[in-house]
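To keep things clear, I will list the structure first and then write my remarks on it.
The values are calculated or read from the model by the stated rules, or taken from the named source; none is laboratory data. Remember, predicted model here, so these are calculated numbers, not experimental data. Cβ placement follows ideal geometry from the backbone for every residue including glycine, while neighbour counts extend to all protein chains displayed. These accessible areas exclude ligands, DNA and RNA; they are computed on the full protein's heavy atoms, side chains included. Shrake-Rupley method; radii C 1.70, N 1.55, O 1.52, S 1.80 Å.
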Amino acid sequence: MRAKTLSLFLATFTILPCVHAVEVMNVTARQRWPWNNLVDIDFTVVTNGTESVSEFGVAVTGTYANGMKTVTAATFASDFFAVAGTNRVTWNLGADYPGFRAADLAISVTVSTEIAETPAYLVVDLSGGAAATSYPVRYTAQPPDVSNDTCRTSELWLRRVPAGSFTMGSPADELGRDSTENQAAVTLTKGFYIGIFEITQQQWYNVMGNWPSRYTNILHRNTRPVEQISYNALRGSSAQGGGGWPTNSDVYALSFIGVLRDRTGMETLDLPTAAQWEYACRAGTTTPLYSGASITNTASDANVALLARYKYSGALANETLMDRNVTEINATAKVGTYLPNAWGLYDTYGNAMEWCLDWHEPTVTGGTDPAGPSSSSQGYRVRRGASYDTTASYCRSAFRWRGVPNVDFPTCGARIVITRQ
């Protein structure tokens, strides 16, 4: 679709032909003093209320004054989606084009309702390790280079997922269905970022300074999912102030989530709700598998084998029982080994099961931004996504499981979300 563009050069701006539904106004840009790589760009988005979305994709370009060269912003130090009203995005100009200055460029801002065509990533830099006092955060339009393990170890990559609606649960005739998978309509009014991968052992070590997982051989552990971690290790126990969801979102300061919140400044960083998890896993699909396929066998299934490390995947060729330090035939795999879903998320089936925020009850909770039940009759929290030792019937988008929050399950890990405020 066409979008309203407004250009800025130094202290002046020019309004270009506009679209009636969305307009950009009052654009200003200033490079931070003392001069560094960051350029703060303020602007106002004006709408007429007929748009199909409440959040808009933002594109920033810079053109030399003589018009001979145009550069495109890809790396930001802020979220680069906008809403109606005033907005600020911060372009990391030096990361995209070292040596450039904002004063050399005519900066243009474009907004679009085509959010799906403007994917965004949030990256947390964990390279400072457990002794760091802060973890820098950046936003980029460029996906990670999955051939380089940096995105699995010293950086934590999250993918932007737009707000939307879907049907949670599974139809009565879905093979492998559990009785707790009743269908319910869900609307998520806020977009969120969610981890592309499950949290790896190296990422956990960079934050917490320890190696809690069962699969600990140094030849393989860095890029495998962290497991053998409890809900309480992630958020803190009720006694520590971390067990209050959904009454509150407080976490224990020394828990994994607590440390990440403190060092990133991201107050909404947390585990996903069960609704967020399933919405992100499905990535727009309604089929049992996010590939668009169904399972044909509840035990070993060829469609599942493309997507997940599960009970019948077998070990990788270069892994031995000695490497894994265990006696089981199966084990976790390097995150990102199997095919991702349409939103670029890996291992939402198999590898490690994943904790969610919600209390577990034997029915799905629908509605708008559901936070799950207020309590659990048996004291369980929700786990999703199956694991390396489960059969194909568990490797479905609708599959739900449960766990006691203080138990360090050797099959359970996590991925994180950051919800837009």
- Note on the structure: Only unsatisfied item for Asp125, checking (1) within 26 Å of the chain's Cα centre (by Cα); (2) open to solvent by less than 40 Å² (accessible area, probe 1.4 Å), is (2)
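Conditions tested, residue by residue: (1) touching a Pro at 6+ places or on another chain (Cβ under 8 Å); (2) at pLDDT below 95; (3) basic (Lys, Arg).
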position	(1), (2), (3)
Tyr215	no, yes, no
Ser237	yes, no, no
Leu254	no, no, no
Ala299	no, no, no
Tyr312	no, yes, no
- Count - residues of the range 264-304 that are surrounded by 15 or more Cβ atoms within 10 Å (Cβ to Cβ) and not in a loop (DSSP other than H, G, I, E, B): 14
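To keep it simple, each residue is scored yes or no on (1) farther than 21 Å from Val417 by Cβ; (2) over 19 Å from the mean Cα position of the chain (by Cα); (3) outside any loop (DSSP other than H, G, I, E, B).
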site: Thr133; (1), (2), (3): yes, yes, no
site: Tyr139; (1), (2), (3): no, no, yes
site: Pro143; (1), (2), (3): no, no, no
site: Trp157; (1), (2), (3): no, no, yes
site: Phe166; (1), (2), (3): no, no, yes
site: Ser179; (1), (2), (3): yes, yes, no
site: Ile194; (1), (2), (3): no, no, yes
site: Gln203; (1), (2), (3): no, no, yes
- Item | The one condition in (1) in a loop (DSSP other than H, G, I, E, B); (2) touching a Gly at 6+ places or on another chain (Cβ under 8 Å); (3) surrounded by 22 or more Cβ atoms within 10 Å (Cβ to Cβ) that Ile107 fails to fulfil | (1)
- Would you please name the residue that is modelled with the highest pLDDT, looking only at residues in the range 368-389 that are buried (at least 23 other Cβ atoms within 10 Å of the Cβ) and of a type in the set (Ser, Thr, Tyr)? Ser387
- Filtering the range 27-81 down to residues that are part of a strand (DSSP E or B) and among the aromatic types (Phe, Trp, Tyr), which residue is surrounded by the fewest Cβ atoms within 10 Å (Cβ to Cβ)? Tyr64
- For the range 165-197, name all the residues that are surrounded by 19 or more Cβ atoms within 10 Å (Cβ to Cβ) and under 30 Å from Ala132 (Cβ atoms). Gly191, Phe192, Tyr193, Ile194, Gly195, Ile196, Phe197
- What residue, among those in the range 150-164 that are in contact with a helix residue (DSSP H, G or I) (Cβ under 6 Å, 6 or more places away or on another chain) and among the hydrophobic types (A, V, I, L, M, F, W, C), is surrounded by the fewest Cβ atoms within 10 Å (Cβ to Cβ)? Trp157
- Message: For the range 400-421, which positions are over 17 Å from Ile257 (Cα atoms) and open to solvent by less than 10 Å² (accessible area, probe 1.4 Å)?
- Response: Gly403
- Could you say which residue among Tyr193, Tyr139, Tyr135 is out of contact with any Gly (no Cβ under 9 Å at 6 or more places or on another chain), more than 25 Å from Val27 (Cα to Cα) and aromatic (Phe, Trp, Tyr)? Tyr193
- Query: Given the conditions (1) at pLDDT 95 or above; (2) in a loop (DSSP other than H, G, I, E, B); (3) surrounded by 14 or more Cβ atoms within 10 Å (Cβ to Cβ); (4) out of contact with any helix residue (DSSP H, G or I) (no Cβ under 6 Å at 6 or more places or on another chain), which single one is not true for Ala342?
  - Reply: (3)
- Do the conditions hold for Ala233, that is, is it of a type in the set (Gly, Ala, Ser) and outside any helix (DSSP H, G or I)? no
- Message: Contact list please: Cβ distance under 8 Å, first residue in the range 167-195 and without any contact (Cβ under 8 Å) to a residue 24 or more places away in the chain, second residue of a type outside the set (A, V, I, L, M, F, W, C) and part of a loop (DSSP other than H, G, I, E, B), pairs at least six apart or on different chains.
- Response: Pro171/Arg177; Pro171/Gln183
- Query: Here are some residues: Thr365, Thr348. Which one is modelled with pLDDT under 95 and either more than 21 Å from the chain's Cα centre (by Cα) or assigned to a loop (DSSP other than H, G, I, E, B) (or both)?
  - Reply: Thr365
- From (1) of a type in the set (A, V, I, L, M); (2) open to solvent by less than 10 Å² (accessible area, probe 1.4 Å); (3) at pLDDT 95 or above; (4) under 22 Å from the mean Cα position of the chain (by Cα), pick out the condition that doesn't hold for Ala392. (4)
- Task: Assess whether Thr200 counts as being farther than 30 Å from Ser54 by Cα and buried (at least 20 other Cβ atoms within 10 Å of the Cβ).
- Result: yes
